[in-house]
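Colleague: The following block contains the structure, expressed as structure tokens.
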Amino acid sequence: MQSPFELPPTPDPQPNRNRSRRPGRPPARSRRPGPWGWLITLLRLALLLGLGIAGVLGGVAAARWVPGTITSTPPLELALRQLDQWLTRWPRSPGPLTLPTVPIPSPSPTLSASPVPAAPLSPDRRKALQTQLQALEADLNALIGEATAIEGELGNRNPTGPIEQRVQAIAQALNSTGANPRSPSSPTQSVPTQTTPTQTAGRLTIALPTDLLFQDNHSNLQPAAGAILDTIAADLQNYPGATVRIAGHSDAIGDPVANRELTLRRAKAVGQYLADRLTGPYRWVTAGFGASRPLTPDPDPASQQRNRRIEIVIEPLLNP
């Protein structure tokens, strides 16, 4: 008899754990696929795939060679028609959706960029720029003087307009067929010892034969040249602050480069002589052109002597 103070026995959670196997029954073995099992599975899948492809190709071939007629509507088309009818019955909005108009603001005026102030120039840089400016002005003055001399030879005694237009007019006059060049058989005129000053467009032009001022192939002034240049210096005192351009010209005999260098040295010698005898802010421009600006193309000695000259162009200061 069990005492009331004893606990009941705990049931076994695995009652069959100690139960023996039935006699004569072999133990169960786990089935694991061998190498032949995997091969058989692959062959089955390949057979199914081949049959599917063969069926599709056979259907395509049959439809191509033995076409048939379909009397009934395909189910997919019937479903699409039903969906379209259902959508048409759906209540629509009375009108198109309109969005509120938003006014576009006018673009604000573009502010102009303020000019960037230039960097201050150093004294050396300012002096170099002034030198370049003076050289440019000298070249411009020399070009204007050459154009004036050519215009005088062509008969235009009162040239006006910018220098570009004047150069174009000179080119047209030289290329025109109506030009009447000097004939070689024309009588030779006597070469004056000193050309009378001529005034053209506010400029005073003086032409001096170099045979009176220099010896042959030399750039030193002869003693007799002082009297002639002193007269010109006295005339220059009436034009304070004027620009004086002095250009040297030669004949076509000899080397062209040597002739240009010689005419430049002669022009500088004349300019230095006049500058030493004048006081005031005169501007001196000298140039040597050699035989590139002849007065006459004739090869006779008298014409060559006329081409050997020193031209002095005086441009008075307009606003002294």
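Colleague: Taking segment 278-288 on its own, how many of its residues are part of a strand (DSSP E or B) and either surrounded by fewer than 20 Cβ atoms within 10 Å (Cβ to Cβ) or out of contact with any strand residue (DSSP E or B) (no Cβ under 8 Å at 6 or more places or on another chain) (or both)?
Modeller: Narrowing segment 278-288 to residues part of a strand (DSSP E or B): 283-288.
After this cut, where a residue has to be either surrounded by fewer than 20 Cβ atoms within 10 Å (Cβ to Cβ) or out of contact with any strand residue (DSSP E or B) (no Cβ under 8 Å at 6 or more places or on another chain) (or both) as well, the list is 283-284.
Residues meeting the conditions: 2.
Colleague: So ALA179 passes all but one of these: (1) at pLDDT 65 or above; (2) over 26 Å from LEU278 (Cβ atoms). Which condition number does it fail?
Modeller: (1)
Colleague: A further question on this structure: Report, by residue number, each residue of segment 290-317 that is touching a residue at least 24 places away in the same chain (Cβ under 8 Å), open to solvent by 20 Å² or more (accessible area, probe 1.4 Å) and either under 17 Å from ASP211 (Cα atoms) or aliphatic (A, V, I, L, M) (or both).
Modeller: ALA291, PRO294, LEU295, ASP300, ALA302, GLN304, GLN305, ARG306, ARG308, GLU311, LEU317
Colleague: Answer yes or no: is there a residue in segment 194-207 that is more than 20 Å from LEU318 (Cα to Cα), modelled with pLDDT of 65 or more and not aliphatic (A, V, I, L, M).
Modeller: No, segment 194-207 has no match at all.
Colleague: On to the next question. Which number in (1) in a loop (DSSP other than H, G, I, E, B); (2) open to solvent by 60 Å² or more (accessible area, probe 1.4 Å); (3) touching a strand residue (DSSP E or B) at 6+ places or on another chain (Cβ under 9 Å) marks the one condition that PRO240 misses?
Modeller: For PRO240, the exception is condition (3).
Colleague: Among (1) surrounded by fewer than 13 Cβ atoms within 10 Å (Cβ to Cβ); (2) outside any helix (DSSP H, G or I), where does GLY254 come up short?
Modeller: (1)
Colleague: Considering only segment 298-317, state which residues are at pLDDT below 90 and in a loop (DSSP other than H, G, I, E, B).
Modeller: Within segment 298-317, ASP298, PRO299, ASP300, PRO316, LEU317 meet the criteria.
Colleague: Quick check: anything in segment 260-277 of a type outside the set (A, V, I, L, M, F, W, C), surrounded by fewer than 21 Cβ atoms within 10 Å (Cβ to Cβ) and touching a Pro at 6+ places or on another chain (Cβ under 8 Å)?
Modeller: no
Colleague: In the set LEU221, LEU264, LEU236, LEU229, which member is touching a residue at least 24 places away in the same chain (Cβ under 8 Å) and within 21 Å of GLN304 (Cβ to Cβ)?
Modeller: LEU264
The values are calculated or read from the model by the stated rules, or taken from the named source; none is laboratory data. Note that this is a predicted model, so its numbers are computed, not measured. We place every Cβ from the backbone using ideal geometry, glycine too, and count neighbours over all the protein chains shown. Note: areas computed on protein heavy atoms with side chains; ligands, DNA, RNA excluded. Shrake-Rupley method; radii C 1.70, N 1.55, O 1.52, S 1.80 Å.
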